[in-house]
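Peer 1: I have a structure I would like to understand better, so I am pasting it below and will then ask my questions one at a time.
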Amino acid sequence: MTPEASDLHSAWARWLVSALADSGLRDVIISPGSRSTPLALAAAECPRVRCRPVIDERVAAFVALGQARVTGRASMLLCTSGTAGAHYLPALIEAAQACVPVLVVTTDRPWEAYDCASPQTIDQTDLFGRVVRHRAELGLPDPAPESLAAVGRIAAQCLALTRAPTPGPVHLNARFRKPLEPIAVAAPEPWADDLARRVTLGAPWVFTSQRIPSLEGIAALTDRLTRARRPVFVCGPTLTWGSPESAALFALAAAVGAPVVAESASGYRHVETVGAAVVCPGLDLATRSASWRREHLPDLVVSWGLPPTSPTLTAWITQASVERWVVAPHGWSDPTGDARALLFGDPEAVAHAALLALGARVVSAESSWLRALLEADGRAWAAVRAETFGPMLDELTTAQALIDALPAGACLIAGNSMPVRDLELATPSRALRVLHQRGASGIDGIIAGAVGARSTLPPAEPVAVLLGDVSAAHDLGGLSAAQELDGALVVLLVQNGGGRIFAELPLGRTAPPGSGRAAVFERFFITPQGIRWDAVAAAVGHRYARVATPAELTVALDAALATNGVTVIEAVVEPEDAGARRQRVRARVDRSAAE
């Protein structure tokens with residue numbers, strides 16, 4: 001039988017997809033192309049996986065990232081040969097930095113097409129370099145028994161390595177020769193029985209190990225907590241997928257008298273209950289005062305998850321006289337390089353073990369210091385409330401209105417730059433699942449990530465994303481990919497005429513108004529877009545609302561959250577207002593502290 005008369009490539013592709021499904025694959029994002037035909041057909045026809053077409057590979061990768069952040073398991077990306085796979089890189093960098101599992105399958109041309117000007121052919125064997133946790137070469141379909149066995153092994157191996165020892169992206173390169181379409185054959189092929197047996201048997205089971213916190217580390221942490229007079233727990237963005245349990249950490253905090261300072265994306269800010277723990281999420285504002293930081297220094301800081309976003313909060317907990325412990329499941333979460341100890345493990349597992357080790361020991365934290373922190377937290381929220389919900393919309397009010405509108409259990413995606421900072425100044429009101437692209441902290445792919453989250457969550461759980469106008473312009477493709485979604489997806493776009501976070505830079509503060517330097521700064525840093533978002537939404541079939549007052553925003557949010565599909569809400573604020581408003585909030589905090 002000649003190669004042209006064999007249907008090996010289609011059977012090989014079906015075996016690979018079946019083996020991946022055996023190993024836990026459930027979601028596949030397919031970008032169209034010719035070389036990927038065998039695998040695209042195999043995935044589309046496999047009843048055990050859900051397939052979603054996304055034309056733009058860059059957008060597709062962020063959709064997969066959003067799915068994995070919710071499900072905790074790798075989605076599979078599939079693309080054709082050539083430059084297609086290169087568009088995955090930004091999302092894979094984020095996945096690597098944030099320890100999010102993703103499986104990338106690039107289809108490739110046969111070896112003889114390399115280095116001879118063959119179209120749509122590049123060297124894909126090491127396309128992502130050190131970004132991926134593992135890379136594998138599947139090779140051309142081969143009927144040899146050992147090759148058929150390797151397909152199942154490689155499938156199981158690749159998916160397992162997206163999860164452990166450190167979750168992240170894995171790259172599988174698969175080659176195919178033409179013809180790429182299924183071939184009708186007159187009789188069973190010699191390898192058919194062997195392949196059918198392997199498919200029936202399935203891929204090997206893989207049971208990955210789980211990181212157990214060091215008993216020695218737990219004992220040392222517990223001992224230090226019992227001797228601390230001013231302990232504080234700081235919860236940065238989490239590396240845990242979905243909505244982590246929080247009871248153990250709050251119980252430990254209550255037992256040792258440690259106030260909890262939790263960021264929005266930590267999993268410990270928007271929760272049902274904190275038990276007897278003291279929570280002070282507004283201390284970011286208080287720590288902006290150097291004198292306050294000196295007077296209220298903690299003697300022990302336990303930093304849970306990634307480092308905090310706030311530079312002033314970081315300055316408070318990284319003083320030379322402060323002993324700081326870092327607890328995180330993966331990675332070296334100590335950018336300042338002055339942590340006293342690092343304890344690797346899931347935060348809840350560490351907290352639970354420390355509670356058991358603590359037992360009935362009595363801890364005597366300094367009550368007057370704790371009262372001072374609670375008072376500072378109260379002053380911070382009073383200052384924020386005094387500067388929000390005026391007659392016209394502002395950025396802080398926009399963030400608070402979104403938090404207020406979301407029902408319990410909703411998923412909120414926080415955009416980078418100013419939106420995530422605005423959410424830090426929003427009072428938590430109910431339990432939410434908050435996701436944040438903190439791995440590499442880029443502004444790209446935020447909408448696409450929300451599409452991924454929406455596609456995997458139950459329709460009854462609404463999803464909302466808060467992002468700036470530049471970030472939204474960076475991800476127009478994400479809006480085009482938000483088709484055929486079941487459940488509400490609210491894209492709340494803060495329209496402030498460009499990237500206003502750059503106004504916080506020294507160049508933005510010192511450029512004289514009306515000068516040539518100010519014009520350059522406006523054009524190349526602030527970069528106002530002038531996009532007609534009503535036209536953009538209409539072009540891709542989404543609902544749209546433009547709001548300029550808190551009342552209008554509340555009405556628009558209520559309608560969007562109650563409606564199936566995508567609603568783009570453009571919240572128009574004064575471009576220069578945010579910086580001045582934050583300065584007024586800080587001034588109020590300082591004045592009240594001095595009284």
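Peer 1: So, in nm, how far is label ILE212 from label ALA551 when the simple model puts each one 7 Å beyond its Cα toward the Cβ?
Peer 2: 6.2 nm
Peer 1: Please list, by residue number, every one of the trypsin sites (Lys or Arg not before Pro) in the stretch 1-109 that is coil in DSSP and has at most 16 other beta-carbon atoms within 10 Å. Don't skip to the end; give the middle numbers.
Peer 2: Numbers: sites: ARG14, ARG26, ARG35, ARG48, ARG50, ARG58, ARG69, ARG73; in loops: ARG26, ARG35, ARG48, ARG73.
Passing both the DSSP loop test and the Cβ count: ARG26, ARG48.
Peer 1: For ARG546, list long-range residues whose amide hydrogen, built 1.01 Å from N in the peptide plane, is under 5 Å from its own amide hydrogen.
Peer 2: Close amide H contacts, sequence-distant or interchain: GLU570.
Peer 1: Taking loop as defined by DSSP and a crowding limit of 12 other beta carbons within 10 Å, which trypsin sites (Lys or Arg not before Pro) in the stretch 344-389 fit? Show your work: numbers first, answer last.
Peer 2: Numbers: sites: ARG361, ARG371, ARG379, ARG385; in loops: ARG361.
Sites meeting the loop and neighbour criteria: ARG361.
Peer 1: Shifting gears a bit: Scan around GLY139 for amide H atoms under 5 Å from its own, H built in the peptide plane at 1.01 Å from N, and keep only partners 5 or more places away or cross-chain.
Peer 2: Answer set, sorted by chain and number: ARG175.
Peer 1: Moving to a separate point now. Local charge sum around ASP123 (other residues, Cβ-Cβ under 15 Å, Lys/Arg +1, Asp/Glu -1)? Mind showing how you got there, number by number?
Peer 2: Details: positive: ARG35, ARG109, ARG135, ARG175; negative: ASP108, GLU112, ASP115, ASP126, GLU137.
Around ASP123, the surrounding residues sum to -1.
Peer 1: Specify whether the C-alpha gyration tensor of the stretch 215-378 places it in the rounded, prolate or oblate class, a ≥ b ≥ c being the square roots of the eigenvalues: rounded for a/c under 1.5, otherwise prolate if a/b is larger than b/c and oblate if not.
Peer 2: Rounded.
Peer 1: If packing is taken as the average number of other Cβ atoms within 10 Å across a peptide's residues, how do 293-306, 181-194 rank, most packed first? Numbers along the way, then the final one.
Peer 2: Numbers: 293-306: 21.1, 181-194: 12.1.
Packing order, densest peptide first, comes out as 293-306, 181-194.
Peer 1: In whole angstrom, how far apart do the alpha carbon centroids of the stretch 12-55 and the stretch 150-187 sit?
Peer 2: Comparing the Cα centres of the stretch 12-55 and the stretch 150-187, I get a distance of 10 Å.
Peer 1: Once you have the Cα-Cα distance between ALA587 and SER291, take 0.36 nm times their residue separation minus that, and quote the gain in nm to one decimal. Could you put the intermediate results ahead of the total?
Peer 2: Values: separation 296, 0.36 × 296 = 106.56 nm, distance 1.42 nm.
Gain on stretching ALA587 to SER291: 105.1 nm.
Peer 1: Continuing with the same structure: Against the longest principal axis of the chain, how steep is helix 367-386, in degrees 0 to 90 to the nearest 10, with axes from Cα atoms?
Peer 2: 80 degrees
Peer 1: Related question: Calculate the length of the line joining the C-alpha centroid of the stretch 308-331 to that of the stretch 579-595, in whole Å.
Peer 2: Cα centroid of the stretch 308-331 versus Cα centroid of the stretch 579-595: 24 Å apart.
Peer 1: What ³J(HN,Hα) values, in whole Hz, does the Karplus curve 6.51 cos²θ - 1.76 cosθ + 1.60 give for the stretch 39-53 when θ = phi - 60°, with x put for Gly and Pro?
Peer 2: Values, residue by residue: 6, 4, 5, 4, 5, 4, 9, 8, x, 8, 10, 9, 10, 9, x Hz.
Peer 1: Next up: Which whole-number percentage describes the relative contact order of the chain, with Cα contacts under 8 Å and a sequence gap of 6 or more?
Peer 2: Numbers: 1251 pairs, mean separation 77.1, N = 595.
Contact order relative to length: 13 percent.
Peer 1: Moving to a separate point now. If I model a spin label as a point 7 Å beyond the Cα along the Cα-Cβ vector, how far apart are those points for ILE531 and ALA219 in nm?
Peer 2: My value for the distance between the label points is 5.7 nm.
Peer 1: Would you calculate the separation in nanometres between label points at ALA440 and LEU356, each defined as 7 Å from the Cα along the Cα-to-beta-carbon direction?
Peer 2: 3.9 nm
Peer 1: At a Förster distance of 51 Å, what's the computed FRET efficiency of ALA386 paired with ALA192, Cβ-Cβ distance as r, to 0.05? Walk me through the intermediate numbers first.
Peer 2: Details: r = 75 Å, r/R0 = 1.48.
With R0 = 51 Å, the Cβ-Cβ based efficiency is 0.10.
Peer 1: Does anyone have the angle between helix 347-358 and the longest principal axis of the chain? Alpha-carbon axes, 0 to 90°, nearest 10?
Peer 2: 60 degrees
Peer 1: At a Förster radius of 35 Å, what calculated FRET efficiency corresponds to the Cβ-Cβ distance of ALA372 and TRP332, to the nearest 0.05?
Peer 2: Working: r = 33 Å, r/R0 = 0.93.
After rounding, the FRET efficiency stands at 0.60.
Peer 1: Using modelled backbone amide H atoms (1.01 Å from N, in-plane), which distant-in-sequence or interchain residues come within less than 5 Å of ARG430's amide H?
Peer 2: Under 5 Å from the amide H of ARG430 lies no amide H from a residue far enough along the sequence or on another chain.
Peer 1: Let me ask something else. So what's the gap between the Cα centers of the stretch 480-539 and the stretch 100-126, to the nearest angstrom?
Peer 2: For the stretch 480-539 versus the stretch 100-126, the Cα centre distance is 37 Å.
Peer 1: Moving on. Report, as a whole number in µm² per second, the diffusion coefficient that Stokes-Einstein gives for the stretch 49-155 at 20 °C and 1.002 mPa s using the Kirkwood radius over alpha carbon pairs. Write out the running numbers ahead of the final one.
Peer 2: On the way: Rh = 15.0 Å.
This corresponds to a translational diffusion coefficient of 143 µm²/s.
Peer 1: Still on this structure, I have one more. How many percent of the alpha carbon pairs in the chain exceed a separation of 47 Å?
Peer 2: Working: 35418 of 176715 pairs.
Percent of Cα pairs beyond 47 Å in the chain: 20.
Peer 1: A follow-up question, please. Once the Cα atoms of helix 577-594 and of the chain are each reduced to a long axis, what angle between those two axes, in degrees from 0 to 90 to the nearest 10, is obtained?
Peer 2: Orientation of helix 577-594: about 40 degrees from the principal axis.
Each reported figure results from applying straightforward, stated rules to the coordinates on display, with no laboratory input. These numbers come from a predicted model, not from an experiment. Cβ coordinates were reconstructed from backbone atoms using ideal geometry, including for glycine residues, and neighbour counts include every protein chain displayed.
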